[in-house]
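Since the structure comes first, as structure tokens, the remarks are kept for the end.
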Amino acid sequence: MSDSVRWLTPEEQRAWRGFVRLHERLGGRLGRRLQSESKVSPADFAVLVHLTDTPQGRQRYQDLARALEWEKSRMSHHIARMAGRGLVVREECAEDARGAFVVITDAGRAAIEAAAPRHVEAVRELFLDHVTPAELRALAEVSERVIAKLDEDTA
């Protein structure tokens, strides 16, 4: 087994571990700020962002779960909690009796509109203010390339 493993070089390991630490720390700090300042969890925010990016603020459960990389059970439980707080509603799909839509409510729109400005400021303060324009372009290119490969592998 170990003969076929392509172990990370010191440079690769440094980059990978740095990326993982950055992701963990940045995600944790942004999440805590969202929760404390806006009373919206990172998971709520992710759902609301996806819904506001779609026409009529609605998306099929399975498409939303795929976009967020969530398991069906996690999606179902989280949407139920959000619906209980009035942020979203579940609508049955007329064309497919097995399918359903998640739809953002006025309260959900108000929550994301209140949270977004604070979140953007936190993203700037914790991340964007510490990278150069060239680094930002490189990061965007790398991210887009890796995401495209990941999307190919799930198709």
Is any residue of segment 26-57 close enough, with backbone N under 11 Å, to a label point placed 7 angstrom from the Cα of Glu91 along the Cα-Cβ axis, and if so, which? 55-57
Given +1 on the Cβ of Lys and Arg, -1 on the Cβ of Asp and Glu, and no further charges, what dipole in debye does the chain carry about its Cα centre, rounded to the nearest 20? 600 debye
For segment 83-155, just the Cα atoms, rotate onto the principal axes and tell me the three extents in Å, largest first. 48, 36, 14
Return P(r) of segment 36-117 (all Cα-Cα pairs; 5 Å bins starting at 0; whole %; ordered from short to long distances). 3, 16, 29, 27, 17, 6, 2, 1, 0
For helix 72-84, report the angle its Cα long axis makes with the longest principal axis of the Cα atoms of the chain; keep it between 0 and 90° and round to the nearest 10°. 50 degrees
Normalised by the number of residues in segment 45-155, what is the relative contact order in percent for Cα pairs under 8 Å and 6+ residues apart? 23 percent
Using Cα pairs under 8 angstrom and six or more residues apart, how large is the relative contact order of segment 7-110, in percent? 22 percent
At a probe size of 1.4 Å, how large is the accessible area of Thr9, to the nearest 10 Å²? 60 Å²
Once both axes come from the Cα atoms, what is the angle between helix 106-126 and the longest principal axis of the chain, in degrees from 0 to 90, rounded to 10? 20 degrees
Given R₀ = 41 Å, what would the calculated FRET efficiency be for Thr132 paired with Lys39, taking r from the Cβ atoms and rounding to 0.05? 0.75
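Which value at 222 nm does the chain reach when only helices count, each DSSP H run of 4 or more adding -39,500 (n - 2.57), with the total divided by all residues and rounded to the nearest 500 deg cm²/dmol?
-21500 deg cm²/dmol
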Measure nothing fancy, just the Cα-based angle from helix 42-52's long axis to the longest principal axis of the chain, in degrees from 0 to 90, nearest 10. 70 degrees
Please build a GNM for the chain, connecting alpha carbons under 10 Å apart, and tell me which residue among Leu139, Leu87, Leu22 fluctuates the most. Leu139
Computed from the beta carbon distance with a Förster radius of 30 Å, FRET efficiency for Gln13 and Glu125 to the nearest 0.05 stands at 0.55
P(r) weight above 24 Å for the chain, C-alpha pairs, percent: 48 percent
Rounded if a/c is under 1.5, else prolate if a/b beats b/c, else oblate: with a ≥ b ≥ c from the C-alpha gyration tensor eigenvalues square-rooted, which is segment 1-73? oblate
Between Ala110 and Ala80, what is the label-point separation in nm under the 7 Å Cα-to-beta-carbon projection? 2.6 nm
With unit charges on the beta carbon (Lys/Arg positive, Asp/Glu negative), name the residue among Thr132, Met82, Gln35 whose Cα is farthest towards the positive pole of the charge dipole of the chain. Gln35
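The values are calculated or read from the model by the stated rules, or taken from the named source; none is laboratory data. Since this is a predicted model, take the numbers as computed values, not measurements. Quick reminder, even Gly has a Cβ in these numbers, built from the backbone with ideal geometry, and neighbours come from all protein chains shown. Note: accessible area is taken over every heavy atom of the protein model, side chains too, but ligands, DNA and RNA are not part of it. Shrake-Rupley method; radii C 1.70, N 1.55, O 1.52, S 1.80 Å.
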